Structures are given as C-alpha cells and as structure tokens.
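One structure is given below, encoded as structure tokens.
The values are calculated or read from the model by the stated rules, or taken from the named source; none is laboratory data. Everything numeric in this text was worked out from a predicted model, so none of it was measured. Virtual Cβ from ideal backbone geometry, glycine too; neighbours counted across all protein chains shown.
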Amino acid sequence: MTLVFSTINMKGGVGKTTLTVNLATCLVRDHQKRVLIVDLDSQISATLSVLSPQDFGKLRRGRRTLSYLIDKVIRPYIVRKFSTPDMILKSVCDLPGLDLLPGDIELYDEYIVAETLYKRTAEAADSQKFAEVWVQFEKKLMQSILEPIRDQYDYVLMDCAPGYNLLTRSAIVASDFYLLPARPEPLSLVGIQLLQQRIAKLKAQYDPTLTANLLGIVFILSGGLFSGRYYSQVMQRIKQDFEPNYLFDTTIPMDVNVAKAVDGFTPAVLSTPNSSGSRAFGKLTGEFLEKLLSVT
Ligand SMILES: Nc1ncnc2c1ncn2[C@@H]1O[C@H](COP(=O)(O)OP(=O)(O)OP(=O)(O)O)[C@@H](O)[C@H]1O
Ligand SMILES: [Mg+2]
C-alpha cells in the first residue's frame with residue numbers, strides 16, 4: 001500500500017526540503033523502497049537538490065513539470081498530450097527507485113484559478129457557493145494528480161512551500177501523514193501550534209477520514225545561539241507540550257556537508273554518507289519506518 005506524506009511548516013528555512021530529499025534517498029538506498037519526491041514549492045529547492053538547473057531548464061522548456069498537471073486540473077476542457085506518468089523523472093541521482101515529479105517556478109496562476117472556479121460556481125445548477133466549489137477543487141487537486149501513479153510507489157513525499165497556500169492544503173488532504181521539521185526555538189513552537197490548529201480546521205471542513213495525521217516533529221538543530229543550556233530548556237518545554245510519540249528521538253545536527261550538498265545536486269546522504277548530518281538522516285529513516293509500523 002502506498003503511503004503519502006507532506007513535509008510542512010509555515011516557517012521558512014527550517015529544513016523541510018533537506019528532510020524530504022534525504023529521507024527519500026535513505027528509504028530507497030538503505031531500505032529498497034520505491035519513492036517519489038513531489039516538489040510543491042515554486043522555489044524548486046527539492047527539484048534542484050537532485051537535478052541540475054540545466055536539466056531542469058530542459059524539462060521546463062518541454063513543459064514537463066508539475067505546473068502542466070496543475071493546469072490540467074484547473075482547465076480540464078483543454079486537450080492534453082501528457083499525464084502524470086509522463087512528467088516523472090526516473091532514477092534521479094542514478095538511484096533506481098528514487099523518482100521525481102519536478103516542480104516549477106510558476107506552478108499556477110491565481111487569477112486563472114479564481115476565474116475558473118467563479119465560472120464553475122455561476123454555471124452550477126444547484127446554486128453551489130463559491131467557497132464550496134473552492135474547497136472541492138483543493139480537495140481534488142493533488143489527489144487527482146497522484147492518482148495515476150500512486151500504486152507504483154511505497155512512499156510519496158511531497159515537499160511543501162513555507163506558508164499555507166492552496167497547494168499545501170491540497171497536499172495535506174491528499175496525504176496519509178505529515179512530517180513537521182522544526183528548529184527548537186520558542187517561536188517555532190508557536191508556529192507548530194498554529195499549524196496544528198489550521199489542520200484541525202481543514203479536517204472539519206473536509207472529510208475527517210481523508211486528512212493526514214502528524215507522524216512526528218523532527219528537530220533540525222539550530223546551532224549557535226540556540227545551543228547548550230537554552231536549547232535544553234526549549235526542548236523541555238516542547239516535551240511538555242507534545243505527546244512523546246509525536247516527537248522523533250533522532251535530531252538532525254547542523255552539518256556544513258548537508259548545506260553544501262545542494263551544490264552538487266545530490267542529497268548529502270549520497271555525497272557525504274559518513275558526515276554527521278547524513279548519519280543522522282540514516283538513523284531518522286529507521287525511526288520513520290518503526291513509527292509507521294506502530295501507526296499503520
Ligand atoms: N542539518 C543541516 N545542516 C546544515 N545546513 C542545513 C541543515 N538542514 C538544512 N540546512 C540548510 O538550511 C537551509 C534551509 O534548509 P531547507 O531549504 O531544507 O529549508 P526549508 O524549510 O525547505 O526552506 P523553505 O521554507 O525556503 O522551503 C538550506 O540552505 C539548507 O542547506
Ligand atoms: Mg523548502
């Protein structure tokens with residue numbers, strides 16, 4: 001059975017993309033799983049973590065990115081040549097089993113989305129409200145994009161943009177679980193709680209059985225200011241606020257090899273497998289699989 005995950009945090013720069021690509025790579029390399037990375041962020045960081053800008057440029061010129069598939073859902077009346085399987089890049093980083101659905105710097109046009117949904121509302125016979133049409137669209141968007149390929153993978157990992165945009169909400173609805181990377185800092189705790197509240201609201205708005213549950217919070221250590229005694233105090237507060245099964249025991253240390261890996265368009269766990277960061281991602285992957293066994 002395929003399990004679908006979203007990596008989310010409203011805060012930027014906390015390590016969402018780094019976690020997504022390194023976890024995906026470890027699942028394939030160390031545990032022989034079939035994994036698809038989906039890049040839902042117009043910063044295309046996940047795409048460029050496994051693919052050079054030149055290769056991405058070629059895909060974009062050929063319209064072989066997620067943006068084509070999103071437009072297909074928004075404007076189904078346009079006849080199309082390609083569908084989801086045509087967009088997937090197989091064996092990225094020369095690793096059979098690791099596939100990518102590349103993102104794009106322009107994923108969708110908000111004006112076209114609003115216009116299309118407004119027209120749909122006006123044409124609906126049963127006087128549906130605009131808000132209802134919008135919710136239905138969000139619910140369907142990522143689910144319908146993943147539908148044709150989901151059986152081909154053990155895990156689909158979607159890397160979301162910071163904030164809480166349409167694609168993130170649609171990804172949450174299409175997911176079985178979400179992963180929450182965070183820095184152990186006071187404000188990031190507030191961010192986690194805000195996100196939890198929003199997801200609860202989303203569950204109430206959609207079908208509660210369809211929405212994702214938190215698999216766990218992964219702490220990416222900040223180093224510098226937030227280390228030593230102060231770090232221990234913050235971690236103590238976190239442990240009081242969250243049930244232990246929602247926290248991964250493995251934390252990811254700051255490691256310059258992890259940051260540098262993007263230069264080579266290869267995740268750190270492949271380029272520097274013995275660095276402290278890479279070893280932590282390996283350990284985290286084991287814990288990820290154990291957690292899944294206990295909740296599925
Ligand atoms: N363990 C680590 N050690 C060193 N650098 C790291 C580590 N994890 C992430 N980084 C670096 O921190 C920066 C932010 O990480 P990343 O892009 O994964 O965050 P993000 O949450 O996806 O950001 P955004 O919100 O912009 O999508 C990147 O430059 C990344 O290389
Ligand atoms: Mg990112």
Notebook entry, point to check: Out of SER170, SER175, which single residue is surrounded by 23 or more Cβ atoms within 10 Å (Cβ to Cβ), within 21 Å of LEU292 (Cα to Cα), of a type in the set (S, T, N, Q) and at pLDDT 95 or above?
Noted result: SER175
Margin query: Residues to consider are ASP30, ASP94, ASP109; find the one that is on the phi > 0 side of the Ramachandran plot, away from ligand 1 (no atom under 16 Å from the Cβ) and charged (D, E, K, R).
Written below: ASP94
Checklist line | Subset of the range 34-51 (residues that are surrounded by 20 or more Cβ atoms within 10 Å (Cβ to Cβ), of a type outside the set (D, E, K, R), touching a residue at least 60 places away in the same chain (Cβ under 8 Å) and within 16 Å of ligand 1 (Cβ to nearest atom)) | finding: ILE37, VAL38, LEU40, ILE44, ALA46, SER49, VAL50, LEU51
Notebook entry, point to check: In the set ILE44, ILE78, ILE88, which member is within 28 Å of ALA182 (Cα to Cα) and among the aliphatic types (A, V, I, L, M)?
Noted result: ILE44
Check: Given the structure, is LEU101 closer than 19 Å to VAL28 by Cβ, free of Cβ contacts under 8 Å to residues at least 60 places away in the same chain, buried (at least 18 other Cβ atoms within 10 Å of the Cβ) and touching a strand residue (DSSP E or B) at 6+ places or on another chain (Cβ under 7 Å)?
Finding: no
Margin query: Every residue in the range 254-281 that is within 12 Å of ligand 1 (Cβ to nearest atom) and exposed (fewer than 12 other Cβ atoms within 10 Å of the Cβ), please.
Written below: ASP263
Notebook entry, point to check: Considering the range 1-23 alone, what residues qualify as being away from ligand 1 (no atom under 13 Å from the Cβ) and of a type outside the set (Phe, Trp, Tyr)?
Noted result: MET1, THR2, LEU3, VAL4
Margin query: Checking the condition farther than 20 Å from THR47 by Cβ and not aliphatic (A, V, I, L, M), which residue from GLU106, GLU147 passes?
Written below: GLU147
Checklist line | Selection from the range 173-209 of residues that are within 16 Å of ligand 1 (Cβ to nearest atom) and within 10 Å of the chain's Cα centre (by Cα) | finding: TYR178, LEU179, LEU180
Next item on the list: Within the range 33-59, track down each residue that is at negative phi and among the hydrophobic types (A, V, I, L, M, F, W, C).
Entry: VAL35, LEU36, ILE37, VAL38, LEU40, ALA46, LEU48, VAL50, LEU51, PHE56, LEU59
Notebook entry, point to check: Among the residues of the range 236-253 satisfying the criterion of being closer than 16 Å to GLU185 by Cβ and surrounded by 15 or more Cβ atoms within 10 Å (Cβ to Cβ), which is nearest to ligand 2 (Cβ to nearest atom)?
Noted result: ILE252
Next item on the list: Output yes when any residue across the range 52-61 is surrounded by 24 or more Cβ atoms within 10 Å (Cβ to Cβ) and touching a residue at least 60 places away in the same chain (Cβ under 8 Å), and no when none is.
Entry: no
Item checked: Identity of the residue in the range 127-153, in contact with a Leu (Cβ under 8 Å, 6 or more places away or on another chain), surrounded by 17 or more Cβ atoms within 10 Å (Cβ to Cβ) and among the hydrophobic types (A, V, I, L, M, F, W, C), that ends up farthest from LEU3 (Cα to Cα) -> VAL133
Item checked: the range 17-38, residues that are within 13 Å of ligand 2 (Cβ to nearest atom) and in contact with a Leu (Cβ under 7 Å, 6 or more places away or on another chain) -> LEU19, THR20, ILE37, VAL38
Notebook entry, point to check: Scanning the range 154-202 for residues that are of a type in the set (A, V, I, L, M) and within 14 Å of ligand 2 (Cβ to nearest atom), which turns out nearest to THR2 (Cα to Cα)?
Noted result: LEU157
